[in-house]
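Engineer: Sharing a structure with you now.
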Protein chains: 2
Amino acid sequence: MAIKLQNQGIEILCIGTELLLGNILNTNAKWLAEQLALIGLPHYQQSVVGDNPNRLKAFLLDASRRSRILITTGGLGPTPDDLTTEIIAETFNNKLIEDKSIVKDLKSKFQSHAQITKNNWKQALVPLGASILPNPLGTAPGIIWTPKENFTVITFPGVPSEMKQMWEESAKPWLVKNCPSEKIFTSKILKFTGITESSLAEKIPELLSNKNPTVAPYASIGEVKLRITAQTKTIDEANTQISALETQLKKIIGSHYFYGSNNETLPSVVIDLLRRRKETLSIAESCTGGSLAAAITAIPGASDVFLGGVIAYNNKIKKELLGVSNELLNQYGAVSEPVAKAMASGIRRSFKTDWSIAISGIAGPTGSTGDKKVGLVEIFIEGKTSSESIQENFGIYRQRTQIQKLSVVRALDRLRLFLLNKS
Amino acid sequence: MAIKLQNQGIEILCIGTELLLGNILNTNAKWLAEQLALIGLPHYQQSVVGDNPNRLKAFLLDASRRSRILITTGGLGPTPDDLTTEIIAETFNNKLIEDKSIVKDLKSKFQSHAQITKNNWKQALVPLGASILPNPLGTAPGIIWTPKENFTVITFPGVPSEMKQMWEESAKPWLVKNCPSEKIFTSKILKFTGITESSLAEKIPELLSNKNPTVAPYASIGEVKLRITAQTKTIDEANTQISALETQLKKIIGSHYFYGSNNETLPSVVIDLLRRRKETLSIAESCTGGSLAAAITAIPGASDVFLGGVIAYNNKIKKELLGVSNELLNQYGAVSEPVAKAMASGIRRSFKTDWSIAISGIAGPTGSTGDKKVGLVEIFIEGKTSSESIQENFGIYRQRTQIQKLSVVRALDRLRLFLLNKS
């Protein structure tokens, strides 16, 4: 049965006293908001209440009068302040029953790594008539339950990774099936790097005020995303419109800034390029301290092309493991093109790979000396027949982890461009 | 006249469609929540609505029935979608009048840095009877207005820096004067690892239902936090109560699970321990692929104790750079205690450090072979005179990045315990 959404169709409620005390940022609300927009089901209100039975009950009653669907996060865990399921059942005069599939799931999960506690069994209780929203990553499942006509509640745990997986696997398909909007919303995300949000936006002022498809920019560290959203009657119509706009956007913005779409990431794109070329990579990191390697190895299958690397955080290591000479270090300093080049050569020789990346820089907050200030980063890319040296100045006002992240993005992007253009 | 706050005393409303679309994180709500807690005026609900006149009006009417004070952010700017002041006046049947002090302020501000536009004059209009909340940093002032008995609305612009300055200079003093709180709230966060949230909670059922100070648990990957919050008349009283409860909690839960408080992280605690002992660390990572090194080097000053490491993602590297023998690899396989031990010895020898950590495991999603399933991780810690081998089974249902993260947490925690107990 399709649910007809009105203006006040969907709302989000995040449950947790930690949010009211300002201990944590409400990243769950932002993420869910983005996901709802992506499937063309915008919501009209977000709220936060604490772990307080009476407040929660009053809120649920109000929400059930004004909305068709309430999406909640938090309060599904095993501890006494996790009240969501219980209070939802109580609010709508329903009882909790033990769900056999959850009991089975709990048993299989605890068998392998920890002892199950009495508290955990609470997580197997759901209102009579509710469907289960399975939690593949944790022990707290959610529910999809329609306690009264025209009102459905969907619950998620507060742990972001669990919520996201459950959204993708169960809640999103359910919403797409049960809440069809008259128009289909189809989105595609284009990802750009090497250009700032404002420079990118200045190139496409008319397209940013497009009514359909819309184009909306989002910036994160080192990259800008453009979300194209088309409202159409058919998916074919949407794909045609999006594809035309995509071509136009890439042409105006500059296709070399574009690195991938939707779920592609810079590391996944670089790994794919290397895999297609049947080539291998090794890396030597100083200021990024392992975060380039971590970004690469977060991608399943990275081992096809990535052999490993050396974190030469200390100069001794640069000398002994990478063969950087004392002379180079003394003459140019650790953060210099000659040293980055020697690091790249050293690691490529030692790991016998087709390509290598070396990064040496000053991530801060201290470490500026003379001309070399916090934010200065030297990147060197070496291949069999060609190489490239890149110097970046990310600026002294940036945070340490920001400088590390920007260095990783820049190194991967330069290797990407290199792999696209060089033999 | 002091406002007597009841349970539903204060609420926060953030106005802006960008929040509903998930374009930005609601950092304003978190900041205001923290500030309210600090002055002992907790709030009971947070909400977000879009730039939609009807929704906003409906929300204001509801809030005026349930709350004494509504704090809003957003919608005070000069553009057509900035509707807050206008809609507030309309909701409570009041008219807008031009405020001379705002006109004067606008004139002086624009003289100095930009040309005033027609839109800007809109910002000088306030409901009859409202007090002005001056905005020293921008052109959008807020208001403090009591449109009906027992209901006051305080408006802020959405720009965080402006909101913060206005809070400090005007809103906070007003609240402290008009809503005197009998109590102040003081919090401390205790961080635990090596124990699940449910096992921890089972050890302290009575303390979790404490009324004052309260104890609330929060789980994230590999760790559990307990937030202690005391409501007292003085800060000294709070510190005494929190300190007593902290001692009690650590004793019951097991002090070895406790690793730090407030802003401390597992890497920062391990770095501090090594620094105090004037000892150094190197690491050899396989399945974690650089994420252990990245966690360590995210901390400023890590270079005092961390020399670097090798990411031996490929067996060839384990052999050539870490000196792991072919025999060990063939007999036991890469994910085995003997190989992890050889990796730890190899890196410690080569980097000449006091301590080393080696990690070898199967992060998935593929790679299970025979008895060795995804989630199996071998960790080896080697010191000058002692060593420890740890085998973990994180379970086949976990995601690759979760297994990597859990491995990092476990390795750092075991080194922490080692540093605390071994010479």
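Bear in mind these aren't lab numbers, they're just calculated from the coordinates by the rules spelled out. In this text, all values refer to a predicted model and were calculated from it rather than measured experimentally. FYI the Cβ positions are ideal-geometry reconstructions off the backbone, even for glycines, and counts take in every protein chain you see.
Engineer: If you restrict to DSSP beta bridges whose two residues both lie in the protein assembly as shown, what percentage is antiparallel, to the nearest 5?
Structural biologist: Just about 65 percent of them are antiparallel.
Engineer: Still on this model: What's the Kirkwood radius of the stretch A:189-335 in Å, using all Cα pairs?
Structural biologist: Every distinct Cα pair counted, the radius reaches 18.2 Å.
Engineer: Once the Cα atoms of the stretch A:266-421 are picked out, what are the Rg and Dmax in Å?
Structural biologist: According to the Cα coordinates of the stretch A:266-421, Rg and Dmax are 14.4, 44 Å.
Engineer: Right, here's the next one. Name the trypsin sites (Lys or Arg not before Pro) in the stretch B:188-218 that are in a loop by DSSP and that have at most 13 other C-beta atoms within 10 Å, would you?
Structural biologist: Within the stretch B:188-218, the qualifying trypsin sites (Lys or Arg not before Pro) (loop, at most 13 other Cβ atoms within 10 Å) are B:K211.
Engineer: Using a 10 Å cut-off around each Cβ, can you sort A:V310, A:V126, A:V215 from fewest to most neighbouring Cβ atoms?
Structural biologist: A:V215, A:V126, A:V310
Engineer: Once the Cβ-Cβ distance between B:T79 and B:L420 is put in as r, and R0 is 56 Å, what FRET efficiency do you end up with, to the nearest 0.05?
Structural biologist: Rounded to the nearest 0.05, the efficiency is 0.45.
Engineer: Apply the Karplus parameterisation 6.51 cos²θ - 1.76 cosθ + 1.60, with θ equal to phi minus 60°, to every residue of the stretch B:296-304 and state each ³J(HN,Hα) to the nearest whole Hz, in sequence, with x for glycine and proline.
Structural biologist: Calculated HN-Hα couplings, in order: 5, 7, 6, 8, x, x, 4, 5, 4 Hz.
Engineer: To make sure I understand, if each residue's beta carbon is the centre and we count other beta carbons within 10 Å, what order do A:T297, A:T117 fall in, fewest to most?
Structural biologist: Going from least to most buried by this count: A:T117, A:T297.
Engineer: Counting other Cβ atoms within 10 Å, keep those with at most 12, restrict to DSSP loop, and tell me which trypsin sites (Lys or Arg not before Pro) in the stretch B:266-295 are left.
Structural biologist: The qualifying sites are B:K278.
Engineer: Most exposed first by the Cβ proxy, i.e. fewest other Cβ within 10 Å, how do B:M163, A:M343 rank?
Structural biologist: B:M163, A:M343
Engineer: Also: Collect residues whose amide H, placed 1.01 Å from N in the peptide plane, falls under 5 Å from the amide H of A:I283; neighbours closer than 5 in sequence don't count.
Structural biologist: Amide H neighbours of A:I283: A:G308, A:G309, A:V310, A:I357.
Engineer: Once both labels are modelled 7 Å past Cα along the beta-carbon direction, what's the A:K118-A:E320 spacing in nm?
Structural biologist: Label-label distance for A:K118 and A:E320, simple model: 5.5 nm.
Engineer: 222 nm [θ] for the protein assembly as shown, helices only, -39500 (n - 2.57) per DSSP H run of 4+, per residue, to 500?
Structural biologist: My calculation for the protein assembly as shown gives -11500 deg cm²/dmol from helical runs alone.
Engineer: Within the stretch B:7-113, report the trypsin sites (Lys or Arg not before Pro) that DSSP leaves as loop and that have at most 12 other Cβ atoms within 10 Å.
Structural biologist: B:K95
Engineer: Hey, how much of the P(r) for the protein assembly as shown falls beyond 56 Å, as a percent of Cα pairs?
Structural biologist: So the pairs more than 56 Å apart make up 12 percent of the total in the protein assembly as shown.
Engineer: Report, to the nearest 10°, how far helix A:400-421 tilts away from the longest principal axis of the Cα atoms in chain A, using its own Cα long axis and a range of 0 to 90°.
Structural biologist: With rounding to tens, the tilt is 70 degrees.
Engineer: Ordered by residue, what ³J(HN,Hα) values in Hz, to whole numbers, does the stretch A:58-64 give under the Karplus form 6.51 cos²θ - 1.76 cosθ + 1.60, where θ = phi - 60° and Gly and Pro are x?
Structural biologist: Whole-Hz 3J(HN,Hα) from phi for the stretch A:58-64: 4, 5, 4, 5, 4, 4, 5.
Engineer: Turning to a different aspect of this structure: Could you state the number of Å between the C-alpha centres of the stretch A:38-74 and the stretch B:265-330?
Structural biologist: Distance between centres, Cα-based: 46 Å.
Engineer: Between the stretch B:131-175 and the stretch A:359-391, what is the separation of their alpha carbon centroids in Å?
Structural biologist: What the calculation gives is 46 Å, centre to centre.
Engineer: Quick one: Cα convex hull volume of the stretch B:54-98, Å³ per residue?
Structural biologist: So the per-residue hull volume is 89 Å³.
Engineer: A further question follows. Near the amide H of B:S220, under 5 Å away, which other amide H atoms are found, from residues 5 or more places off or on another chain, if H is placed in the peptide plane?
Structural biologist: B:K225
Engineer: Using a label position 7 Å from Cα in the Cα→Cβ direction, what is the ascending list of nm distances from B:L25 to the same site in the other copies?
Structural biologist: Values, ascending and in nm: 0.2.
Engineer: Separate question: What percent does the relative contact order of chain A come to when contacts are Cα pairs within less than 8 Å and at least six residues apart?
Structural biologist: That works out to 10 percent.
Engineer: Taking a cut-off of 19 Å between Cα atoms, list the lysines near B:K319, but don't count ones fewer than 8 places away on the same chain.
Structural biologist: A:K352, B:K341, B:K352
Engineer: Sticking with this one: Put a point 7 Å out from Cα along the line to Cβ at A:N178; what are the distances to that point in the other copies, in nm, shortest first?
Structural biologist: Spacings between copies for this position, smallest first, are 4.4 nm.
Engineer: Further question on the same structure: If you take the Cα Rg of the stretch A:355-423 and divide it by 2.2 N^0.38 Å, with N the number of residues, what do you get?
Structural biologist: Its radius of gyration relative to the 2.2 N^0.38 Å reference: 1.18.
Engineer: Would you grab the residues whose amide H sits under 5 Å from the one on B:I97? Only those 5+ places off in sequence or on another chain, please, with H modelled 1.01 Å from N.
Structural biologist: HN-HN under 5 Å from B:I97: B:V126, B:L128.
Engineer: Share of antiparallel DSSP beta bridges in chain A, in percent to the nearest 5?
Structural biologist: Counting DSSP beta bridges with both partners in chain A, the antiparallel share is about 65 percent.
Engineer: Whole-Hz Karplus ³J(HN,Hα) for the stretch B:155-161, in order, using 6.51 cos²θ - 1.76 cosθ + 1.60 and θ = phi - 60°, x for Gly and Pro?
Structural biologist: For the stretch B:155-161, the Karplus-derived couplings read 10, 10, x, x, 5, x, 5 Hz, x marking Gly and Pro.
Engineer: Per the Kirkwood definition applied to all pairs of different Cα atoms, how many angstroms is the hydrodynamic radius of chain A?
Structural biologist: 24.7
Engineer: Which pairs break 26 Å Cα to Cα here: A:K278/B:K318; A:K30/A:K95; B:K100/B:K172; B:K57/B:K183; A:K107/B:K405; A:K373/B:K225?
Structural biologist: Cα-Cα > 26 Å for A:K30/A:K95; B:K57/B:K183; A:K373/B:K225; rest within.
Engineer: Scale the Cα Rg of the stretch A:10-178 by the rule-of-thumb value 2.2 N^0.38 Å and send over the ratio, two decimals.
Structural biologist: Scaled against compact globular proteins, the figure is 0.97.
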